[in-house]
Amino acid sequence: MRQRRISPCLAATALSAALLLLILLHASSSPPLLLWPSSAAPAPPPRAERGPGRPPSFAYWISGTGRDARRVLRLLRAVYHPRNRYLLHLDAGAGDGEREALAAAVRGEEPAWREFRNVDVVGGAYAVDRTGSSALAAVLHGAAVLLKMGPHWDWLVTLSAEDYPLVTQDDLLYAFSSVPRDLNFIDHTSDLGWKAHERFEKIIVDPSLYMDKNTELFLSKGTRQMPDAFQIFTGSPWLILSRSFTEHCVHGLDNLPRKLLMYFANTAYSMESYFQTLICNSSDFRNTTVNADLRYFIWDDPPGLDPLVLNESNFQNMVNSSAAFARRFVEDAPVLKKMDDELLNRSPVQLVPGVWCPNLAKEQSGVNMESCLKWGDINAVRPGRAGERLRRFISKIIETRGCS
């Protein structure tokens, strides 16, 4: 009997899917290859208390590429709180020297990072193309590591070096204190429009899954039918996921997470579809979905592949949006200083003041304090008007849940 030959494109497609699945299985079953933690420090003085009546905790996945280390550190300072967990990642576009400098800064620049030991840097470099499935593999890897390293956080937040917060962590923790902790904030729609053909019928291969350097994806000559075993949803790639749903994505006992992972391995912009499709096809989770990502951004008309770069002319609209984060920003944009001054009450080199650190933003001997030197109550938050506004907004949008 004659054996059928497999075309090179089909073989590459199968390889992409298999590699993506192997990445997830490796991340969920074994420790990360290398981390630079702040774990050599002594045990933190105050202990975060969990449970009813206490604020929640967030796990932040903050990603960047070459020459993004300074931006990642600035963003880290802007979203830092001792109750949270942080994992920083620079992809293969960054050199080893930049990655080591980021790790050294995490170890040495802020006493709070050393004492609370809640900031880590992924030490191994791997390639990522944000338009391909390697970006999805990176987020799933970060989620798996954060699940292993932090047993008590409630929500996973994905950010990039182009993002910045519109509220303090005291505001965010306060706003989420009354939110059921199984809810997921995922922008989604089943109205695929032009994406049905351009994204899901076309087959792409992402070489960044198997190359050492960030590599652009390529398009296969073949096409495929739209699936009938599940319904595709799409939306924003920026997410706030509950711990229970994150565990389902990484360790799910049914086969749907892995089946979809194989399918989206060969889909362009899979970060805009994988989590949406998984949650909306999961009977245990679809009614925990809130159709919002709590981000502020502006699309051009007609929309391009990226939202517009924000500047000072967008400041008031950002404030009025009731969003928690905004994007995109260029490095050291003047609007970031305005956000630091007027929204976060910090200098670009400070952590954000809160109940947990009473000396920040206060003068001692006529000098503004730039580091936290004395711990306050890390189990209490003091929200401002932005926190109240965000809490009202979230209380309203969580009334409607599910997928349509």
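The values are calculated or read from the model by the stated rules, or taken from the named source; none is laboratory data. None of the values given here were measured: they were computed from a predicted structure. Heads up, the Cβs are rebuilt from the backbone with ideal geometry, glycines too, and the neighbour counts pull from every protein chain shown.
Data table
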| item | result |
| --- | --- |
| Single residue of the stretch 216-262 satisfying the filter (free of Cβ contacts under 8 Å to residues at least 40 places away in the same chain and not in a loop (DSSP other than H, G, I, E, B)) that is farthest from residue 58 (Cα to Cα) | 223 |
| Single unsatisfied condition, residue 244 versus (1) small (Gly, Ala, Ser); (2) more than 22 Å from residue 194 (Cα to Cα); (3) crowded, with 21+ Cβ neighbours inside 10 Å | (3) |
| Flag if residue 134 is of a type outside the set (Asp, Glu) and buried (at least 24 other Cβ atoms within 10 Å of the Cβ) | yes |
| Number of positions in the stretch 172-218 that are under 30 Å from residue 379 (Cβ atoms) and within 21 Å of the chain's Cα centre (by Cα) | 14 |
| Residue 278 of a type in the set (A, V, I, L, M, F, W, C) and buried (at least 20 other Cβ atoms within 10 Å of the Cβ) | yes |
| Residue in the stretch 157-169 that is among the charged types (D, E, K, R) and without any contact (Cβ under 8 Å) to a residue 24 or more places away in the chain present | no |
| Hits in the stretch 93-124 (condition: surrounded by fewer than 20 Cβ atoms within 10 Å (Cβ to Cβ), assigned to a loop (DSSP other than H, G, I, E, B) and not acidic (Asp, Glu)) | 93, 95, 117, 123, 124 |
| Scope the stretch 217-240; condition within 18 Å of residue 198 (Cβ to Cβ) and not polar (S, T, N, Q); matching residues | 217, 218, 219, 221, 222, 224, 226, 227, 232, 233, 235, 237 |
| Matching residues in the stretch 278-328 - criterion: being touching a strand residue (DSSP E or B) at 6+ places or on another chain (Cβ under 7 Å) and not in a loop (DSSP other than H, G, I, E, B) | 279, 280, 288, 289, 290, 295, 296, 318, 325, 326, 327 |
| Residue match in the stretch 263-277 (condition: part of a loop (DSSP other than H, G, I, E, B), over 20 Å from the mean Cα position of the chain (by Cα) and under 25 Å from residue 176 (Cβ atoms)) | no |
| Residues of the stretch 180-193 satisfying the condition of being within 26 Å of residue 65 (Cβ to Cβ) and surrounded by fewer than 22 Cβ atoms within 10 Å (Cβ to Cβ) | 187 |
| Within the stretch 290-348, tally of residues that are among the β-branched types (Val, Ile, Thr) and either under 20 Å from the mean Cα position of the chain (by Cα) or exposed (fewer than 15 other Cβ atoms within 10 Å of the Cβ) (or both) | 4 |
| Boolean, residue 215 is at pLDDT below 95, among the β-branched types (Val, Ile, Thr) and in contact with a Ser or Thr (Cβ under 9 Å, 6 or more places away or on another chain) | yes |
| Subset of the stretch 326-361 [modelled with pLDDT of 95 or more and more than 17 Å from residue 73 (Cβ to Cβ)] | 326, 327, 328, 334, 335, 338, 341, 342, 343 |
| In the stretch 197-215, the residues that are farther than 13 Å from residue 270 by Cα and part of a loop (DSSP other than H, G, I, E, B) | 210, 211, 212, 213, 214, 215 |
| Any hit, the stretch 208-219, residues being surrounded by fewer than 16 Cβ atoms within 10 Å (Cβ to Cβ), over 24 Å from residue 91 (Cβ atoms) and not β-branched (Val, Ile, Thr) | no |
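Listed here are the residues, each with its yes/no results for (1) assigned to a loop (DSSP other than H, G, I, E, B); (2) surrounded by fewer than 23 Cβ atoms within 10 Å (Cβ to Cβ); (3) not acidic (Asp, Glu).
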{"site": "138", "(1), (2), (3)": "no, no, yes"}
{"site": "143", "(1), (2), (3)": "no, no, yes"}
{"site": "148", "(1), (2), (3)": "no, yes, yes"}
{"site": "175", "(1), (2), (3)": "no, no, yes"}
{"site": "178", "(1), (2), (3)": "yes, yes, yes"}
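Results for (1) basic (Lys, Arg); (2) within 21 Å of residue 135 (Cα to Cα), shown as yes or no for each residue.
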| residue | (1), (2) |
| --- | --- |
| 248 | no, yes |
| 286 | yes, no |
| 301 | no, no |
| 306 | no, yes |
| 313 | no, no |
| 342 | no, no |
| 347 | no, no |
